[in-house]
Amino acid sequence: MPPMGATLPSCLPAWVLSLSLLLPRTLTAQEPVPVLDRTTLQQHWQHVLPKPDELQWRAIPWLGTLAEAVVQAQTHDRPILLWAMNGHPLACT
């Protein structure tokens, strides 16, 4: 949460701004402000990187078109998983 008198950027969506007001403050006046340096950046970077078991979906031989899937499904006598959605994948519509 920003200090009193500071304003949040107006480019953030309204739900982000309202969510930031609901989050509890974790720092008190006595606690030092965390510093981002080479050591802490490396720790955060390792935390953010996906683990190998989180990347297993990349091993699936996805097909780009429904026509390719139909041909392959008929060849191997297998069902088709069709993933369809409406809107932006990050819900920014």
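The values are calculated or read from the model by the stated rules, or taken from the named source; none is laboratory data. Because the structure is predicted, anything quoted here is derived from the model rather than measured. Virtual Cβ from ideal backbone geometry, glycine too; neighbours counted across all protein chains shown.
If I filter the stretch 19-33 for residues that are part of a loop (DSSP other than H, G, I, E, B), over 23 Å from the mean Cα position of the chain (by Cα) and at pLDDT 85 or above, do I get at least one hit? No, there is no match, as no residue in the stretch 19-33 is part of a loop (DSSP other than H, G, I, E, B), over 23 Å from the mean Cα position of the chain (by Cα) and at pLDDT 85 or above. Listed by first and then second residue, the pairs linking a residue in the stretch 66-92 that is at positive phi to a residue that is modelled with pLDDT under 75, with Cβ atoms under 9 Å apart and 6 or more places separating them unless they lie on different chains, are G87/T93.
Taken residue by residue, the stretch 68-87 has no member that is modelled with pLDDT of 90 or more, within 24 Å of the chain's Cα centre (by Cα) and basic (K, R).
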